[in-house]
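Inspection log for the structure reproduced underneath, given as structure tokens.
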Amino acid sequence: MPRSSSNAGKRSSMRRAARALAALGLAATAATSVRAALTYTGTNEAGLEFGMTINGPTAGTVPGTLGTNFFAPNAAAIQHTATAFANIFRLNFAWERLQPTAKGEFDAAYLALLQTAISEIKATGSIALLDLHNYARYNSAVLTSGDTTLADLWTRIANLYPSDSQVFFGLMNEPWGIDTATWFSIAQTTINAIRATGATNTITVPGNCFTGAHSWVTGNCDTGVANAVAALALSDSGNNLVFEMHQYFDADFSGTSATCTQDGAAVFADATNWLRTNGKKGLVGEMAVANNANCLTTLNTALNHLSTNSDVWLGYTWWAAGSAWGTYMFSIESTATTSDNAMFSALQAFGKGTGAVATSAAATTSAAAVTTSAAAATTTAAATTVATTSATTSTTAAAATTSAAAASGATRSISGGATSCWSSGGSAMAVFNMNINPMPMAENGLATYTIAFTANGATVPLTVSQSWNIDASAVSGNTWSFTELDDQPSVGGVIALSGVSCTGSTFSPAVTQTVSATLNGGTVAVTSSSTSLTAGAAAAAAGVVATTSSSSSAAAAVAADSTTTVTLFTTVDVTVTAGAAAASTSAAAAAAAATTSAAAATSGAPNYVLAATVGGCWGTDTVMVSLQVKISVNGDQPMDDANGGLANLAVTFGGVTAVASGTTWNVDAPSYSGNTWSFATLDDQPNVGGNFAVTGATCTNGALATPITLSATGALVSGGTINISVQQ
């Protein structure tokens, strides 16, 4: 749906304000969503360890040749992944290449490769989790009781990165074939050695038996006790220990099949309870699914379980990214100039962890900015009088804006719902789409919705197979809850309802969908202009009429009922210039900005690159497909005041005869003609897409019989030309 003009203006003005503050060396802090967020979200960065197997190095690969036997990470891919969703990279390396002789010196060339990769990761503000990818072996020999070779290796690494908050130490990848008590004894020796150097870095410790989360409590695949028992004997004088577990979802938990048979939440349940009962923290060091509808649903379930239990689970690192995977089913390697696959997009949609660390590069940049500001202040002082004041006026204005935002943030007008269905596997399937007005914005507070599904007064259980533009999705019986995302007014998912049937495209019996919401602990009054969605009790309590979305009395009732508190900017004291010189400077800056904007509009045609991924399909009578597109404009995102401006685009679906509306996101004025979808780009919205009904396509087991090929044309909203290309 078209974006609210008032919200569009607010977002654009806020972005410009942030740029202006940045020019003064100040910071603006917007409120973030309240959710059970994971601290770390990321991926394994594989390649430097290639040639290592569960039994030791492949013959002839150690030391091996760079580019043939092992491969360095791609810095562009690391940056792209960090921008999308990652703040931790599990950097895999091989013991024998780094330390060719046990307890000997490190190989200088291999160490340089490892340290370069660490620097590339740290430069993005992310954590480098160093993963010794050796399966409790050195040169194919299983470590034995009393071993100190591992302690020697990590002592040397600890001395290279002492107390670096951006470097974690992952003691070993997937020990197996070793007595469980022996492994944890070696781990304890190694932990003690690291702490003896004075290093305070986070240490991650795996269990035995490939460290599966599903078997952490009950498994004892090798001689000895379960990991859950032996791990309790570990101690850490630095009190900075995390238990690393891995989890795959195929029949034997090995991660060798593209078929997911495990429940994404149940596999973690025992480990989650163990962590909480014993006051421990966990990290999922490896986790992956293949690109098919069932597995992507499993992934969503797993991520929601981890997020819901973020008091004990710090996060995850996907298996895997890396520069040499090729067509490997779990690879999410991607750069800004390539298309992100469905797994990458799913992780991006889930969101980025909260535990990013300021980089050394950023600190250096900030120091340079301070120096520059000081020089500018000295120059200004020589020309005019400088008055030191408190930013009282700005603070007051911000407070007024915050108050208005709180009032407007406490009401939601919604429309949509699940309006038609199809039958599949004994369930009534439907696309649930909900449009939210005003557009959710983090600075106004984000709402959490609960939708209850009933029929003839009885509950209707449901499952959600995929979702879009929401956070913290969770299903319980007949209710589905989720939280808004910033700047995402169109949300939804594909749902399966039990206990009702689908006659033609209509639910039988009729399904009632009742919506209620909360915001920062206060009540949100929900109004509905849709025949499918019904406002819940919160709206009735506030005196809001469920069939209207714009009455002044409804708005007044909401304001009176709301207890919302939001924070827009951090209050700061600043030094400002006064007098004619300052006014002249402001006028010059405004003129320069206008000139720049005009130049952007009249210079060479902007380059629009559409990196597109056609995802899974579903349905029989009506075939639905999912499309995700990342729009790059001259290497940046679409903006209405730079980069040439916004554009009207037309995307043609090759291989089908017609495309029709399902649901779209982050676009303006969507329309359809034949097999072409047209829309206008929105300010600051590079990630667009939708779910579409396509004619002339066949869907079998979640895959199209004939792939859809995409092409695009377009022009600037202002009428100017653009250069456009599609990467698929």
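The values are calculated or read from the model by the stated rules, or taken from the named source; none is laboratory data. Computed from a prediction, not measured in an experiment: that's the story for all the values here. Cβ coordinates were reconstructed from backbone atoms using ideal geometry, including for glycine residues, and neighbour counts include every protein chain displayed. Quick note on the areas: whole protein, heavy atoms, side chains included, nothing else; ligands and nucleic acids left out. Shrake-Rupley method; radii C 1.70, N 1.55, O 1.52, S 1.80 Å.
Some observations on this one:
- For region 101-133, a tally of residues being in a loop (DSSP other than H, G, I, E, B) and under 19 Å from ALA72 (Cβ atoms) returns 6.
- For ASN300, the requirement of being open to solvent by 20 Å² or more (accessible area, probe 1.4 Å) and touching a helix residue (DSSP H, G or I) at 6+ places or on another chain (Cβ under 9 Å) is met.
- Considered as a group, the residues in region 59-113 that are in contact with a Gly (Cβ under 7 Å, 6 or more places away or on another chain) and β-branched (Val, Ile, Thr) include one that is farthest from SER140 (Cα to Cα), and that residue is ILE88.
- Selection within region 203-227 - under 34 Å from the mean Cα position of the chain (by Cα), over 20 Å from ASN134 (Cβ atoms) and either surrounded by fewer than 24 Cβ atoms within 10 Å (Cβ to Cβ) or basic (Lys, Arg) (or both): HIS214, SER215, VAL217, THR218, GLY219, ALA226
- Contact map, region 108-119: first residue under 14 Å from GLU49 (Cα atoms), second residue among the charged types (D, E, K, R), Cβ cut-off under 7 Å, separation 6 or more or different chains; pairs are TYR110/ARG97; ALA117/GLU45.
- Residue match in region 503-514 (condition: open to solvent by less than 30 Å² (accessible area, probe 1.4 Å) and closer than 17 Å to LEU303 by Cα): no
- Members of region 462-477 found to be out of contact with any helix residue (DSSP H, G or I) (no Cβ under 9 Å at 6 or more places or on another chain) and closer than 19 Å to TRP618 by Cβ, listed by number: LEU462
- Here ARG97 does not fit the description of being assigned to a strand (DSSP E or B), crowded, with 22+ Cβ neighbours inside 10 Å and among the charged types (D, E, K, R).
- Every residue from region 154-201 that is within 27 Å of VAL229 (Cβ to Cβ), assigned to a helix (DSSP H, G or I), under 34 Å from the mean Cα position of the chain (by Cα) and among the aliphatic types (A, V, I, L, M): ALA187, ILE191, ILE194
- Test set (1) at pLDDT below 95; (2) more than 23 Å from GLY315 (Cβ to Cβ) - VAL217 fails condition number: (2)
- Restricting attention to region 249-293, the residues being in a loop (DSSP other than H, G, I, E, B) and not polar (S, T, N, Q) number 16.
- Restricted to region 139-165, and to residues there that are of a type in the set (Ser, Thr, Tyr) and farther than 21 Å from LEU241 by Cα, the residue that is least open to solvent (accessible area, probe 1.4 Å) is SER140.
- Filter result for GLY425 (under 30 Å from LEU306 (Cβ atoms), at pLDDT below 75 and surrounded by fewer than 18 Cβ atoms within 10 Å (Cβ to Cβ)): yes
- Any hit, region 231-242, residues being surrounded by 20 or more Cβ atoms within 10 Å (Cβ to Cβ), under 27 Å from the mean Cα position of the chain (by Cα), at pLDDT 95 or above and outside any loop (DSSP other than H, G, I, E, B): yes
- Residue check for THR190: out of contact with any strand residue (DSSP E or B) (no Cβ under 7 Å at 6 or more places or on another chain), surrounded by 23 or more Cβ atoms within 10 Å (Cβ to Cβ) and at pLDDT below 95: no
- Residue list for region 263-282, filter: of a type in the set (D, E, K, R) and within 11 Å of ASN309 (Cα to Cα): ARG276, LYS281
- Among the candidates THR218, THR204, residue that is out of contact with any Ser or Thr (no Cβ under 9 Å at 6 or more places or on another chain) and assigned to a loop (DSSP other than H, G, I, E, B): THR218
- Condition met for VAL284 (modelled with pLDDT under 95 and of a type in the set (Val, Ile, Thr)): no
- Yes/no for GLU174 being open to solvent by 10 Å² or more (accessible area, probe 1.4 Å) and farther than 22 Å from ALA102 by Cα: no
- Residue, farthest from VAL625 (Cα to Cα), within region 703-718, restricted to residues that are among the small types (Gly, Ala, Ser) and either surrounded by 13 or more Cβ atoms within 10 Å (Cβ to Cβ) or at pLDDT 90 or above (or both): ALA715
- When the strands (runs of 3 or more DSSP E) confined to region 436-495 are screened for residues that are without any contact (Cβ under 8 Å) to a residue 12 or more places away in the chain, those reaching at least 1 such residues are found at 470-476.
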